[in-house]
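Below you'll find the structure, written out as structure tokens, and then a few comments.
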Amino acid sequence: MKKLLPLAAALAFTLTACAAPASSAAVPTATEATELQAIGSGEVHILTSHRDGMYYQTFQQCEIDHTDQIGRILVYSIDEMTNTARPACNVPDCPHDSTACPAWCDTSAALFVDGDKLYLLASVNEPENYHYALQKINAERTQQTTLVADLPHGFVPIGALAADDENLYWIDGQTSDASHIEQIVYAISKTDGTTREIYRWQDLPAGPQGEDRTDTISYYSFIGAANRKLYLCRRDKPSDSYTCTQVTFGVLDLADSSYTDLATYKAESRREYTFTDGVSSAAYDHNYYPLADCYLADINCQTGDAAVLNILTGERTLLTDSLPINTQEQETDCGISRFGDGWLLQVSQWSLEDDGSRTISGVPAVYYCADGSMTELPQKRHCSARGTEPIRLMDVQNGVVLAAYDYWTGTVPELDKDGELLAQSLAWELYGTIPLEDLLAGSSNFTPLQFVD
């Protein structure tokens with residue numbers, strides 16, 4: 001059986017990172033690769049992992065049994081109303097132990113629901129050929145088929161799939177040479193997986209890749225869709241900063257495969273600092289970043305404002321005007337994400353030392369903002385490896401919240417290299433549901449998720 005990594009590694013999230021560059025380069029504009037006619041048909045929309053009170057996720061068996069044996073990996077359908085998680089399989093008497101099961105997954109995968117069908121974007125880590133496989137589980141949940149066995153994958157983060165009646169739409173980025181990225185939007189037939197290129201950006205700066213380094217990495221991702229149009233965001237991010245210098249929104253019109261920039265938002269007031277481990281970085285007091293459904297986060301830690309901007313209508317919604325303001329002694333990080341009909345606002349504060357280093361102060365504060373009100377969520381969870389932290393909200397549908405609300409912790413025996421018996425620490429997230437009304441009232445009375453084969 002496969003064994004787990006140590007606790008710290010098992011709980012770590014993987015992020016795309018870039019080393020510090022040596023020089024800067026101009027940021028080019030988008031260019032079309034080929035002239036194409038209209039693509040697809042019907043309303044185009046962004047796919048997510050949740051729909052109609054259901055949430056889809058892969059689970060390793062060890063997450064359910066709380067052991068150090070990874071075991072099988074299956075796609076589960078979580079019914080938030082009944083608080084149950086079942087394999088996405090309706091094959092009678094299926095043991096869910098092989099590829100014959102439609103819920104079987106060789107690795108963790110991103111899941112996307114489109115009507116009554118389910119798509120899996122699974123990473124395949126073959127030697128010198130790291131790529132994605134695109135799978136489809138049919139509406140009856142009796143069969144899983146491969147649409148595309150080898151989707152290219154570069155170091156650009158993958159954010160979303162889009163779909164219309166005929167196609168899935170996918171955007172990826174590859175390094176075209178030592179210092180540039182080219183990104184391509186593909187249309188993938190839902191019927192047979194036939195893949196065609198519909199738009200390409202060339203010569204995007206690739207940050208610290210190769211010898212001809214730049215100080216910026218730039219890449220596009222889907223952030224919304226409506227009618228026959230896909231909306232995209234381009235991030236221009238210095239390799240020494242976790243915030244963007246600017247974001248640009250644009251639209252890809254599937255009626256004629258044309259792309260047009262719509263608006264650019266630039267960050268202001270750069271500040272530099274050093275972490276306790278000596279790593280240098282930078283951020284901007286006033287910065288922007290894209291959200292789901294064609295929204296833009298507008299964070300200004302000089303004035304204390306946190307807002308969301310609808311880039312299609314221009315409507316700006318102020319979530320709070322009382323963020324802690326950045327000073328010489330403290331700095332604020334603010335994150336916004338969309339949940340249900342509201343917004344989740346997470347605020348972290350850092351202490352700044354005279355030498356420019358910073359350390360986090362306390363536990364981040366979390367707020368749920370909806371209908372003009374902002375409610376603090378006091379619920380916390382704790383484990384020795386991560387300390388105390390806010391609960392992790394996963395979904396809000398029909399007035400019900402799905403969350404990772406606590407940790408299961410324990411130990412298992414393990415032999416070290418010298419044959420000495422040691423106790424290996426384990427921690428697994430515990431999942432459950434709670435009415436949104438109760439969560440906002442401060443309750444931690446979650447109903448644990450029930451796993452049913």
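Assorted remarks:
- Selection within the stretch 301-337 - in a loop (DSSP other than H, G, I, E, B), in contact with a strand residue (DSSP E or B) (Cβ under 7 Å, 6 or more places away or on another chain) and within 26 Å of Ile223 (Cβ to Cβ): Cys301, Gln302, Ile311, Asp321, Leu323
- Filtered residue count, the stretch 228-271, keeping only those that are over 23 Å from Gln302 (Cβ atoms) and over 20 Å from the mean Cα position of the chain (by Cα): 15
- Candidates Gly342, Gly304: the one that is closer than 28 Å to Leu230 by Cβ and at pLDDT below 95 is Gly342.
- Any hit, the stretch 391-411, residues being farther than 29 Å from Ser77 by Cα and among the basic types (Lys, Arg): no
- Here Asp116 fulfils each of the conditions (1) open to solvent by 50 Å² or more (accessible area, probe 1.4 Å); (2) at positive phi apart from (2).
- Tally, over the stretch 368-380, of residues that are surrounded by fewer than 19 Cβ atoms within 10 Å (Cβ to Cβ), part of a strand (DSSP E or B) and in contact (Cβ under 8 Å) with a residue 24 or more places away in the chain: 3
- Residue in the stretch 418-438 that is within 26 Å of Leu111 (Cβ to Cβ) and assigned to a helix (DSSP H, G or I) present: yes
- Count of the stretch 52-62 residues, restricted to those that are acidic (Asp, Glu) and closer than 16 Å to Asp106 by Cβ, is 0.
- Filtering the stretch 334-367 to residues that are among the hydrophobic types (A, V, I, L, M, F, W, C) and open to solvent by less than 50 Å² (accessible area, probe 1.4 Å) leaves Cys334, Ile336, Phe339, Trp343, Leu344, Leu345, Val347, Trp350, Leu352, Ala365, Val366.
The values are calculated or read from the model by the stated rules, or taken from the named source; none is laboratory data. Just so it is clear, the model here is predicted, and its values are computed rather than measured. In this analysis, Cβ positions are derived from the backbone assuming ideal geometry, glycine residues included, and neighbour counts consider all displayed protein chains. We work out accessible area using only protein heavy atoms, side chains counted, and drop any ligands, DNA or RNA first. Shrake-Rupley method; radii C 1.70, N 1.55, O 1.52, S 1.80 Å.
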